[in-house]
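A quick write-up on the structure given underneath.
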Amino acid sequence: MEKILFRKLLIDCLIFFLITLVSSSIIIWVFQAVNFLDIMIEDGRDYLVYVNYSLLNFPKIVSKVLPFVFFFSFFYVISRYELNNELIIFWNFGVNKIQLINFLLIFSIFLTIIQITLAAFIVPTSQDKARSFLRTSSVNFLESFIKQKKFNDTIKNVTIYTDGKDKKGNLLNIYLKKEENIDNFQITYAKKGNFINKKDAQILVLYEGETINVVKDKITNFRFSKSDFNLKNLETNTTTYIKTQEVSTFKLIKCYLKLNNLNFLNIDTKDVIIENCVSANLNNVIKELYKRFIIPFYIPTLMLTILFLILKSKENVNYFNYRIFIFLLGLLIIISSEMSLRFIKNNIFENIKIFIVPIIIIILIYSVIYFNLNSFKEKK
């Protein structure tokens, strides 16, 4: 009977949890998809790129909302069980409260492993694929999104300006700057120009203009009646900078080891280019690893916080206030887990006290619950 009761409680919690997780993730995804649409429009991407990029960002949303949805779902279901007198059935059948606590705690550890898998492996892979998808896709609709009388910098290292369009749709009085670095750049002026598509590439054809090339201190220029500017191999600013969250966990660990060695030797990594390192900032790398492997351990602390609910019954005068207190305590733990990132330091040993905080909280809360249940038995 005990297994049946445990199974029913877990199934009820899981159903509500999954429904809430999927629905909330979809709602957030829809709002983000609107923002992604603005990015796609700004970059001149087609609809297929937009759809794929949006879908590849869905695992990240699920990973972000999972801890709060987990806390809210299990808090709601266990509260409902108490209010509907369903927990009394557990106690009448001789179920020990510690047994129930241990059962749900083990499940939360299982969910922690799922969250680590999601945060450390699935999300970085999907984010990397999303970035790669943008990087390999072509800029197709740039012509439609060139804003008149404004410097447009959608394409990496390229700035385009135009006074407007004539009746035939040609761009008028075009200024185009392509910059490799501060010392090497190219400036082109043209009276008019238009976009044409050749196979899988989009080309800006310029008419009646002049190009000025600057290579260090050497300046050359030439006039042209017609010149093609190929957009095929150019990246947009959206795809330029890879973020730490997009790097695989294995590469991130390798990056940490390399940066830590340089840090130990007191070598400034600010201007050092290191293979497999998206960032030469050791602190950022440690923070990302912390988010992937340590923050998920706050899930069992949330479960134990919820299980404070079974220490009191609804007949208690202050039960409503008690529930509010437990809910606020859970929210505080969620917020604190995110804020703990601010205290991450470059030295891994200095961070150990932050890394073990969730384990200490788990032991502390479990001890408090165990002590309260034993005290209650002794009074009886």
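Normalising by the residue count of segment 1-127, find the relative contact order in percent from Cα pairs under 8 Å and 6+ residues apart.
On the way: 63 pairs, mean separation 50.6, N = 127.
40 percent.
At a Förster radius of 35 Å, what calculated FRET efficiency corresponds to the Cβ-Cβ distance of Leu83 and Phe293, to the nearest 0.05? Please report the intermediate quantities before stating the final value.
Numbers: r = 37 Å, r/R0 = 1.06.
Calculated transfer efficiency: 0.40.
Between Val22 and Ile114, how many nm apart are label points set 7 Å from Cα along the C-beta direction?
Spacing of the two 7 Å Cα→Cβ label points: 1.3 nm.
Contact order normalised by length for segment 142-235, with contacts defined as Cα pairs under 8 Å and 6 or more residues apart; what percent is it? Could you put the intermediate results ahead of the total?
On the way: 204 pairs, mean separation 18.1, N = 94.
For segment 142-235, the relative contact order is 19 percent.
Would you kindly state how much longer the chain becomes between Phe371 and Lys353 on full extension, computed as 0.36 nm times their sequence separation minus their alpha carbon distance, in nm to one decimal? Walk me through the intermediate numbers first.
Working: separation 18, 0.36 × 18 = 6.48 nm, distance 2.55 nm.
Stretched fully, the Phe371-Lys353 segment lengthens by 3.9 nm.
Could you work out how far the C-alpha centroid of segment 332-371 sits from that of segment 1-26, in angstrom?
Between the Cα centre of segment 332-371 and that of segment 1-26, the gap is 27 Å.
Mind ranking 216-229, 296-309 by how tightly packed they are, going by the mean number of other C-beta atoms within 10 angstrom, highest first?
Values: 216-229: 11.4, 296-309: 23.8.
The most tightly packed comes first, giving 296-309, 216-229.
We did not get these values from a lab; they are worked out from the coordinates using the rules stated. Just so it is clear, the model here is predicted, and its values are computed rather than measured. Counting neighbours? That spans all protein chains shown, and the Cβs are built from the backbone with ideal geometry, glycine included.
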